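Remarks on the structure that follows.
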Amino acid sequence: MLAAVGAALAPGVMHLGRSWRARVAVVGTSMAPTLMPGDWLLVDPSAFRRRAPQPGQLVVAADPRQPERDLVKRVSALDLDGRLLLAGDARDASTDSRTFGAIDLASIRGRPWFRVRPMARFGRIG
Amino acid sequence: MLRDRVLKALAPSRTVHAHCDVPCGIYDPHGAEIAAKTVSKMVALIVENEGSDLAQRNKLIRSVKVKEEHAELCKRELQVLWSDYFKPEHLEAHPDLHDRFWKALKQASTCKQSVDAAAAAELETQVAAIADIFWATKGGRPS
């Protein structure tokens, strides 16, 4: 637990402050078992400012079909135009790029990187 | 309680959706229909079965086993539709729904007990009628 707190603090208090203000709660099960409904996540809104998301990373992105809603998914690949393909970890219960196609980098809102609740799973997330 | 108030104050105001268009069960009467058709086919194979050599006896027993299993599968598929998919509002639109399920489940049991092509055909008919109701509640069969 102490190690987890240390890891959270390491990138700096600013980073933590930004992320805390952009904290979110997870709805839905398409990212199970990585993320479960009700999890509180810290999202770093500037994580991808200098570096595009890489395959395997979690992202919060505007839903291309309903832009006022944010999705949380994992980047599965970058296509040739540098657009992102997203996928849920629970493939059988996920609506993702298999349905809505690739998304633009501009629709990325940030990187969920730390789970605050539940306490049993407090810590960094990948 | 203080803890609840603190948690409420700290709770995220935004949500992110680990979204799925079909978040819970995917229901489809196709499983019950296929199982009922399989029962019919097995009844035909059992009736056709002739000879008493080992290969024929093996084939006969396998056909009986598959008939038994698929009649049971048919019941299971029907029960899931009945208990999990259909809602009270469906019953209002289709007041004979409970009776249809009850009769189809009993018909599947009859098919286990007998080797009767007419009984198997009746099961298929009853399951098809339930499938029609299912698709009516969905606004039509998918094309």
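Quick note: the coordinates plus some simple rules give every number you see, no bench work behind them. Everything numeric in this text was worked out from a predicted model, so none of it was measured. Note that we place each Cβ from the backbone using ideal geometry, even for glycine, and neighbour counts take in every protein chain shown.
Relative contact order for chain B: 30 percent, from Cα pairs under 8 Å spaced at least 6 residues apart, divided by residue count. In a DSSP loop and with at most 16 other Cβ atoms within 10 Å, the chymotrypsin sites (Phe, Trp or Tyr not before Pro) in segment A:59-126 are A:122. Taking other residues whose beta carbon is less than 13 angstrom from the beta carbon of residue B:35, and scoring Lys, Arg as +1 and Asp, Glu as -1, yields -1. Over chain A, with a Gaussian network built from C-alpha contacts below 10 Å, which listed residue (A:86, A:42, A:78) shows the highest mean-square fluctuation? It is A:78. The HN-Hα couplings worked out from phi for segment B:54-67 by the Karplus form 6.51 cos²θ - 1.76 cosθ + 1.60 (θ = phi - 60°) are 4, 4, 5, 5, 4, 5, 4, 5, 5, 4, 5, 4, 5, 4 Hz, whole numbers, x standing for Gly and Pro. Fewest-first ordering of B:20, B:74 by other beta carbons within 10 Å of each residue's beta carbon gives B:20, B:74.
Annotation: Cα Rg of the protein assembly as shown relative to the compact-globule expectation 2.2 N^0.38 Å equals 1.46. Partners of residue B:41 within straight-line reach, counting lysines whose Cα lies under 24 Å from its Cα and excluding those fewer than 8 residues away in the same chain: B:59, B:65, B:67, B:75, B:103, B:106, B:112. Over all alpha-carbon pairs in segment B:1-82, figure out the percentage whose distance exceeds 22 Å. Considering segment B:1-82, 57 percent of its Cα-Cα pairs are separated by more than 22 Å.
The Rg/Rh ratio of segment A:68-126, with Rg taken over Cα atoms and Rh as the Kirkwood radius over Cα pairs, comes to 1.02.
Relative to its residue count, segment A:34-89 spans a Cα convex hull of 103 Å³ per residue. With no solvent and one point on each alpha carbon, what is the Debye value of log10 I(q)/I(0) for segment B:94-143 at q = 0.17 Å⁻¹? So the normalised log intensities are -0.54. Mean partner shielding of peptide A:113-120, defined as the number of other chain Cβ atoms within 10 Å of each residue Cβ, is 1. According to the Kirkwood relation over distinct C-alpha pairs, the hydrodynamic radius of chain A is 14.8 Å. For peptide A:19-28, the mean count of partner chain Cβ atoms within 10 Å of a residue's Cβ comes to 4.
Computed over the Cα atoms of segment B:43-112, pair by distinct pair, the Kirkwood hydrodynamic radius stands at 14.1 angstrom. Counting every other Cβ atom within 10 Å of each residue's Cβ, B:68, B:77 order from fewest to most as B:68, B:77.
Under 8 Å for C-alpha pairs, at least 6 residues apart: give me the relative contact order for segment A:59-126, rounded to a whole percent. After rounding, I find 27 percent.
Counts of other chain beta carbons within 10 angstrom of each beta carbon in peptide B:4-16 average 5. Note on chain A: GNM, Cα springs under 10 Å; of A:51, A:74, A:23, the largest mean-square fluctuation is that of A:51. Hydrodynamic radius of chain B by the Kirkwood approach over all distinct alpha-carbon pairs: 17.9 Å. Annotation: average projected area of segment B:83-123 is 3.3 square nanometres, based on the convex hull of Cα atoms across all directions.
Charged neighbours of residue B:117, selected by a Cβ distance under 12 Å, balance to -2 (K, R count +1; D, E count -1).
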